[in-house]
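Down below is the structure, laid out as structure tokens.
The values are calculated or read from the model by the stated rules, or taken from the named source; none is laboratory data. Source: prediction; values computed, not measured. For neighbour counting, all protein chains shown are included, and Cβ atoms are generated from backbone atoms with ideal geometry for every residue, glycine included.
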Amino acid sequence: MLRRAAVVAAVVSAAWVVPFEVYADFVVVLWVALAAVAVVVTRWDRAGTEVLTGLAVILVGGAAFVALVIVASPDRLWVIDPASTGRAPLLAGWPLAFLALAVALYVAPRMAAFAAWRPWFELAAGAGGVYLVSVAVVDAFQRMTGGSVAVEELAKQAQVAMSVAWTAIGAAALVAGLTGHRPTLRHAGFGVLGLATVKVFVIDLAALDVAYRALVLGGLGVLLLLSAYLFTHFRGPRSGASGVSGGPRPAG
């Protein structure tokens with residue numbers, strides 16, 4: 001019990017000191033690392049599993065809050081004029097913050113306490129990865145502001161690029177789920193493809209010019225057709241009682 005109390009005190013003290021020593025991006029990384037330390041200690045202190053696991057959950061939850069509120073908030077999914085808003089550039093280590101969170105969520109179900117919720121943890125990890133890619137795509141266009149291209153034009157281009165990235169991720173997840181026989185990954189791929197399609201029709205097309213609309217619809221159609229081809233290719237023919245794809249029908 002004394003050793004357990006010492007470990008908890010050490011982890012809490014370190015977590016308290018971290019925000020005063022590093023920027024928010026590395027606060028996320030270090031809090032996730034401290035959560036991993038707490039989980040590792042449970043291997044030698046089975047009686048303290050609940051306490052240490054609870055501490056790890058609090059640390060990862062706090063890291064997720066810092067990542068989404070301070071490091072890269074959802075408004076980073078849109079290009080804006082930095083001169084009029086005063087928005088600072090992203091911190092240098094922001095990708096590491098979201099990567100650490102995604103890894104933590106992916107490996108969490110390896111613990112017995114979270115094994116029953118494995119699909120949900122994997123979906124959350126995948127959502128974190130998609131968010132990371134989305135912010136990276138928009139930030140690439142955000143860095144172009146102040147040049148010869150208007151901010152409004154860059155914002156439209158960023159949204160088109162993000163829709164393409166979502167469609168590509170959905171198609172890749174769909175194929176990986178089919179080839180690896182992983183239903184969760186397959187369903188996630190369908191979900192991302194659906195979100196990309198809804199985003200194109202509800203958000204992108206309403207703000208784009210005619211030329212961009214044709215480009216977006218054409219690109220989305222090609223990617224969806226490619227996804228359908230890959231789905232049928234890797235899934236293989238379906239055989240049924242009618243015998244249409246499973247061989248000749250029985251006589252009589």
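Odds and ends about this structure:
- Filter result for Ala136 (surrounded by 16 or more Cβ atoms within 10 Å (Cβ to Cβ) and touching a Phe, Trp or Tyr at 6+ places or on another chain (Cβ under 8 Å)): no
- Total residues in segment 83-94, condition in a helix (DSSP H, G or I) and out of contact with any helix residue (DSSP H, G or I) (no Cβ under 8 Å at 6 or more places or on another chain): 3
- Candidates Ser163, Ser148: the one that is of a type in the set (Ser, Thr, Tyr) and not in a helix (DSSP H, G or I) is Ser148.
- If you filter segment 139-198 down to residues that are in contact (Cβ under 8 Å) with a residue 60 or more places away in the chain and among the small types (Gly, Ala, Ser), you find that the one that is nearest to Pro89 (Cα to Cα) is Gly146.
- Filter result (more than 23 Å from Ile203 (Cβ to Cβ) and basic (Lys, Arg)) within segment 72-127: Arg110, Arg118
- Close pairs (6 angstrom Cβ cut-off, 6 or more residues apart or separate chains): over 12 Å from Val12 (Cα atoms) in segment 29-54, in a helix (DSSP H, G or I) and of a type outside the set (A, V, I, L, M, F, W, C) anywhere: Thr42/Thr49; Asp45/Arg4; Gly48/Arg4
- When segment 67-82 is limited to residues that are part of a helix (DSSP H, G or I) and in contact with an Asp or Glu (Cβ under 9 Å, 6 or more places away or on another chain), the one that is nearest to Ala38 (Cα to Cα) turns out to be Ala67.
- Failed condition for Asp75, given (1) under 25 Å from Ser134 (Cα atoms); (2) among the charged types (D, E, K, R); (3) more than 21 Å from the chain's Cα centre (by Cα): (3)
- Residues considered: Phe65, Phe26. Of these, the only one that is crowded, with 16+ Cβ neighbours inside 10 Å, of a type in the set (Phe, Trp, Tyr) and within 22 Å of the chain's Cα centre (by Cα) is Phe26.
Results for (1) β-branched (Val, Ile, Thr); (2) over 30 Å from Thr49 (Cβ atoms); (3) out of contact with any Cys (no Cβ under 6 Å at 6 or more places or on another chain), shown as yes or no for each residue.
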site: Ala64; (1), (2), (3): no, no, yes
site: Ile70; (1), (2), (3): yes, yes, yes
site: Ser73; (1), (2), (3): no, yes, yes
site: Val79; (1), (2), (3): yes, yes, yes
site: Ser84; (1), (2), (3): no, yes, yes
site: Trp94; (1), (2), (3): no, yes, yes
site: Val103; (1), (2), (3): yes, no, yes
site: Ala108; (1), (2), (3): no, no, yes
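- Here Asp139 meets the list (1) closer than 30 Å to Thr232 by Cβ; (2) at pLDDT 90 or above; (3) of a type outside the set (A, V, I, L, M); (4) not assigned by TED's automatic domain parsing to the domain that holds Val39 almost entirely, failing just condition (1).
- Evaluation of Asp25 against (1) farther than 18 Å from Val60 by Cβ; (2) among the acidic types (Asp, Glu); (3) modelled with pLDDT of 85 or more (one fails), failing number: (1)
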